[in-house]
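See structure below.
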Amino acid sequence: MILRFLWVLLPLLAWAKDKDHSIQKFKERERLLTADSDLISLTAYEDVLATLNSSTIVVYRIAENATEYELERICSFRLDDTIPFAHVFRLDSERSLVLCGGEFCFLFGLDYTIKRIELRREFKFSDLSAGAISSVRATADEKTLVVQVIEQSGLKNSTIVSIDIAIGTVIGRTDDHKFNRNEASVLAFNKNGFSYFLNTATRLDNPRLLVEKSRYTHQISNIKLTRVCNKDTTYNLESKIDISLGCTMDKSHYTFATAASVSNDQKTLLVAAKDLNESSAIVCRFDLAQVLAYFDTTWEICQHMTNPKEIQNQCISGTIDRPEKCHTFSWLLKKQVPICQRFNMGSEILDNCNLNASTSNAYRAGWVENYLPIEGKVVAVFKIEDNADVIEVLDGGFNDTLYVQTSDNDIQRVRSWENHNELLWKRRSDKMVSGRVRNKDVYYYTFKDHRVNYVTNRCTSLYPDCNSINWNDSLNCGYCAFSNSTGKVTSTLFADKCKKNNGQFCHNFCPPIIKTVSFGGQTVSVIGENMMAFKEIDVKVCERKCAVSIWSKELVSCKTDRTTYNTCPVEISGHLSEINQMFMLTHLRAADHEEDEAQRRSKRWLRFVAAAVAIVTAIALLLCAAWFMKCYQRKQKKRKMLLTKRHILPDKHDDCRALDGSVDANGVPIINQNTVRLIEMIGSGNSATVHLGILNRGGKQLNVAVKKIKYFETGELEKAMREVRLISECKHPNIVECIGYYSCVEGYLNVVMEYVKGGDLHTYLINKEKSLVARTAFSYIEQLVKGMQYMATQKIIHRDLAARNCILSDDYTKLKITDFGLCRRANNQDEYIPMDQFVKLPFRWTAVECLTGEYAFSEKSDVWSFGVVCWEIFSRESMPYKELVSSDEVYRYLIAGHRLAYPASSCPKELYEDIMYQCWAADSTHRPTFDELAVNLHKLLKRLDDIYQPTLDNDGYEKPLSVAHRSTVQTISDSESDPEPTSSSSTPNQDVGYVGLNTMITNHKDFRNIYTDHPVSDYNPAIPNGYSQSHSTAI
């Protein structure tokens, strides 16, 4: 038997090991590298990735041969000075890296042959701009570095500087016109010998000034793209041309660019722009070839304008043959309205990159600007919340998809439709790499765990399981499902391959799967997902038909004609509704499960190892196994005896069918769920929610509380049913009545309880606006002990007795006990420690012997909890031992002999010493039973009632003391001298050492030296019981 047990266990351990490995493998596929904690930026170009921290640049090459990427560290460079941040960190090519940060701009060259990175040039920002820097953009080719600098203050003008890399000197420089302001640059790139910068600017509206003949009064804000020829050696970089970019939407709104990028294939320019007046943003797509050609068109327009005065008159009169002539200007011409004209106004038309060939200073009409925008297409529209701008936009690899990052660190993959865009995929990240997308992959960085991750434009990378698939994705993802409830996300391109491997390809829907199967006599319950995907259903158990009684999305329950066991294979078959094809699910015995190649290799390896060491370890293994089985049997025997004593042995139960008016095998009423109507949720916990409902019974409507208990495993359902049976057995006025239960459909057990309107006692006690007098507090304690006395006679152990599990009537006079471990409040979850995978312990109310790990629950452990509830009532505190934060601290505190401190002046000394304190005896045999407590409490309360008769008001109710009255209440301490009475009404109380029955119960912080052996000077609020350890009361 022992060898058979081990033979079954070893393959299961191997399977678990392989499963964990595959999960780790999936995670590794997303992680490219773990970076340094002070990472500042990263950049990618094709198969090269570079990272920057405060003082070091590291360059990697990404392996190209597999989907599981590997990084080869090529080289690194240590900077002389620490860089706090980077304006620019960009791979312009495979061999050129630009870094602008701190006070310098650096240009690095990469040599992969000798695996070296070398500094080619460095420049100080002070050489480029006199003012403080707001932003920098830079781009380079083999010979020229072109840098755009925007000043931080003033008009925020833009300066572009061209630098000869070989000699390290400034070739030319261009400063924007003084009337151009509010520059903001989002992109720089280099192509075909030109440098490009995408900006947002507010500038003079020259076309309008031309027509209206006004002087510097009209301005316009728009998005412009600037081009400078890299070969331009003119001092003013006269080759500079600006063109305007527009979109098909209202051009007066989306005029502020927040992000831009060029696609990996160099065919598309993407620009994200926001509306400064509304919380919305758009992404526009431009054909990059058309955009770049528009620069040449603009230059040609100027070179064919030889009579600007005539053009100006035609523009004013509206007789112009080509309107674009009225939108093209040259800022280098010293004119009020500088309409563009031919450079030098000579007979020769010069190339835009060859202006340095002209030696004439006449009519050098450079710095051309075209106000007529080239139009792009809106491909995405976003609602911007909390000023979360679009800060990065990348091409998604397909014409209709984009990757977008917002300033609140969300990366989204969206698909653009005609009038809207759809979210396909979303991740949280601190940084998305702008620029290149290698093989349609996107790199992003998370500062939380310092990881550089990547995502590929493949179904398997974007969607981990079937339920996560977005069926509208242009990748056309689907799911290849197998009969053993496994499967794989893949593309529709592989649908035929899926069928060849005996799979069922699913598109636009997820297949049914089996999670677990439980056997209970003739009843078989199958828990899974998407079971309603079947059009019809047929179930076989041990190859015999099983009659289906419950069929829902997550549960199929059926009944066979004979007893079944967990070795029986289960088959569920039927046509899938979406494709009308037959599909079968199988759940086999452990020995019949199909194994993949990795599992088979692992099993062969385990068999080899086992055979090699069998001779040496056989005796030791048998001895260990025998010792283990003996210990296991002893523990099971002890557990069985304990459970039998408590009457909470788990047993089988019938499936939860809605059989109106019937009872299950244990005599618990089953309610037709159609007779229950849920109104609203009135509470929630770790495993259940509580709803107010109406039960129609015999034509009458009854308010009820319905607990919806969520279960995931068969063991959880067994426990829930056991608790339902315990509650249904209790018939007592101080215990909440269980009316019945109904179906377990979709993993829920619904328990219908008596509805008590007043709320729980804990909430009532901590509410300072509620008046609580001593007589009411004594009544609560007396009702509580009666309820627990009844439960003790029924051999039922509550295990979770606390003020929160006591419910009050709507007039706050009646108390009922509830929650036999079924429902936990979510905000109390930290007050529980695990008992097993289904149960948690409320350690602040739990007896000391139950905190040792033995869990020796008994009537006496409930007695301990009863004493804590009495303390809660008179202290009106939110939490016992509130200075102690963990179960270990509470346990150490209790075994040291300490107990909860005296609660408040309104608590009779005899109640604390003779009742509460006795409930907390370390030896449970020294604690009173609930029968004894009921007798002792009755005697104590009778004495209180005989000695002190409360004053009644005109309506016959107790009159709570006001704040002013409270200060006049006098008590007796254990000191040798009695205090002088302050009023005659307080004298009777001094004779017996307790206060009046209608004394207000208040927080014990206000009464520090009442009925204790400690002087006031010893009080220390930082210590849990209020006194130093030398004065602590011990048992």
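If you check every pair at least six apart or on different chains, which have Cβ atoms under 8 Å apart with a residue in segment 97-121 that is without any contact (Cβ under 8 Å) to a residue 60 or more places away in the chain and outside any strand (DSSP E or B) first and a residue that is surrounded by fewer than 23 Cβ atoms within 10 Å (Cβ to Cβ) and of a type in the set (Ser, Thr, Tyr) second?
Note: pairs meeting the criteria are GLY102/THR82; GLU103/SER126.
Yes or no, residue by residue, for (1) within 41 Å of the chain's Cα centre (by Cα); (2) under 18 Å from SER485 (Cα atoms); (3) modelled with pLDDT under 90:
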position	(1), (2), (3)
VAL526	yes, yes, no
ILE537	yes, yes, no
CYS546	no, no, no
LEU576	yes, yes, no
PHE583	yes, yes, no
THR586	yes, yes, no
LEU606	yes, no, yes
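Residues of segment 483-497 being of a type outside the set (Gly, Ala, Ser) and more than 16 Å from ASP465 (Cβ to Cβ), which ones?
Within segment 483-497, THR492, LEU493, PHE494, ASP496, LYS497 qualify.
Output yes when any residue across segment 374-389 is closer than 30 Å to PRO323 by Cβ, surrounded by fewer than 23 Cβ atoms within 10 Å (Cβ to Cβ) and in contact with a Pro (Cβ under 9 Å, 6 or more places away or on another chain), and no when none is.
No, there is no match, as no residue in segment 374-389 is closer than 30 Å to PRO323 by Cβ, surrounded by fewer than 23 Cβ atoms within 10 Å (Cβ to Cβ) and in contact with a Pro (Cβ under 9 Å, 6 or more places away or on another chain).
Residue check, ASN277 against (1) under 30 Å from ALA184 (Cβ atoms); (2) surrounded by 12 or more Cβ atoms within 10 Å (Cβ to Cβ), all met but one. Which one?
Result: ASN277 fails condition (2) only.
Pull out all pairs, ordered by first then second residue, where Cβ-Cβ is under 9 Å, the residues are six or more apart or on different chains, the first lies in segment 71-96 and is free of Cβ contacts under 8 Å to residues at least 60 places away in the same chain and over 25 Å from THR144 (Cβ atoms), and the second is of a type in the set (A, V, I, L, M) and in a loop (DSSP other than H, G, I, E, B).
From segment 71-96, the pairs are LEU71/ALA63; GLU72/ALA63; PRO84/ILE40; PHE85/ILE40.
What's the number of the only condition in (1) modelled with pLDDT under 80; (2) touching a His at 6+ places or on another chain (Cβ under 8 Å) that ILE682 fails to meet?
So the condition that ILE682 fails would be (1).
State which residue is modelled with the lowest pLDDT when the search covers only segment 82-116 and only residues that are under 19 Å from ILE165 (Cβ atoms) and of a type in the set (S, T, N, Q).
SER93
For segment 856-880, which positions are under 27 Å from ALA792 (Cα atoms), hydroxyl-bearing (Ser, Thr, Tyr) and in a loop (DSSP other than H, G, I, E, B)?
Residue satisfying the conditions is SER858 alone.
So that you can scan it fast, the table gives a plain yes or no per residue for (1) part of a loop (DSSP other than H, G, I, E, B); (2) surrounded by 14 or more Cβ atoms within 10 Å (Cβ to Cβ); (3) in contact (Cβ under 8 Å) with a residue 40 or more places away in the chain:
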{"site": "VAL890", "(1), (2), (3)": "no, yes, yes"}
{"site": "LEU894", "(1), (2), (3)": "no, yes, yes"}
{"site": "GLY897", "(1), (2), (3)": "yes, no, yes"}
{"site": "ALA904", "(1), (2), (3)": "yes, yes, yes"}
{"site": "ILE915", "(1), (2), (3)": "no, yes, yes"}
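Quick one: which of LEU749, LEU772, LEU784 is over 30 Å from SER875 (Cα atoms), out of contact with any Lys or Arg (no Cβ under 6 Å at 6 or more places or on another chain) and not assigned by the TED database to the domain that holds VAL526?
The unique qualifying residue is LEU749.
Return a yes/no flag: does segment 697-706 have any residue that is surrounded by fewer than 19 Cβ atoms within 10 Å (Cβ to Cβ), closer than 21 Å to TYR790 by Cβ, free of Cβ contacts under 8 Å to residues at least 24 places away in the same chain and more than 37 Å from the chain's Cα centre (by Cα).
Scanning segment 697-706, I find no residue that is surrounded by fewer than 19 Cβ atoms within 10 Å (Cβ to Cβ), closer than 21 Å to TYR790 by Cβ, free of Cβ contacts under 8 Å to residues at least 24 places away in the same chain and more than 37 Å from the chain's Cα centre (by Cα), so the answer is no.
Tell me, which residue of segment 320-373 that is acidic (Asp, Glu) and free of Cβ contacts under 8 Å to residues at least 60 places away in the same chain is surrounded by the fewest Cβ atoms within 10 Å (Cβ to Cβ)?
First, the residues of segment 320-373 that are acidic (Asp, Glu): 321, 324, 348, 351, 369.
Filter once more, so that each one left must be free of Cβ contacts under 8 Å to residues at least 60 places away in the same chain: 321, 324, 348, 351.
On the way: ASP321: 6, GLU324: 14, GLU348: 10, ASP351: 13.
Among them, the one singled out is ASP321.
Would you confirm whether or not segment 840-855 contains a residue that is small (Gly, Ala, Ser), in a loop (DSSP other than H, G, I, E, B) and at pLDDT 90 or above? Talk me through it step by step, then tell me what you get.
Looking only at segment 840-855, we keep the residues that are small (Gly, Ala, Ser), and these are 847, 853.
Next, only the ones that are in a loop (DSSP other than H, G, I, E, B) stay: 847, 853.
Next, only the ones that are at pLDDT 90 or above stay: 847.
Yes.
If you check ASN313, ASN264, which single one turns out to be free of Cβ contacts under 8 Å to residues at least 60 places away in the same chain and not in a strand (DSSP E or B)? Step through it out loud before you land on a result.
Working: ASN264 fails: free of Cβ contacts under 8 Å to residues at least 60 places away in the same chain.
Just a single option satisfies the conditions, and that option is ASN313.
Please go through (1) surrounded by fewer than 20 Cβ atoms within 10 Å (Cβ to Cβ); (2) more than 30 Å from TYR235 (Cα to Cα) for ALA293 and return the number of the only condition it doesn't satisfy.
(2)
Checking ARG562 against (1) in contact (Cβ under 8 Å) with a residue 40 or more places away in the chain; (2) in a strand (DSSP E or B); (3) not polar (S, T, N, Q), only one condition comes out false. Which one?
(2)
The values are calculated or read from the model by the stated rules, or taken from the named source; none is laboratory data. Bear in mind the structure is a predicted one, so any value in this text is a computation, not a measurement. In this analysis, Cβ positions are derived from the backbone assuming ideal geometry, glycine residues included, and neighbour counts consider all displayed protein chains.
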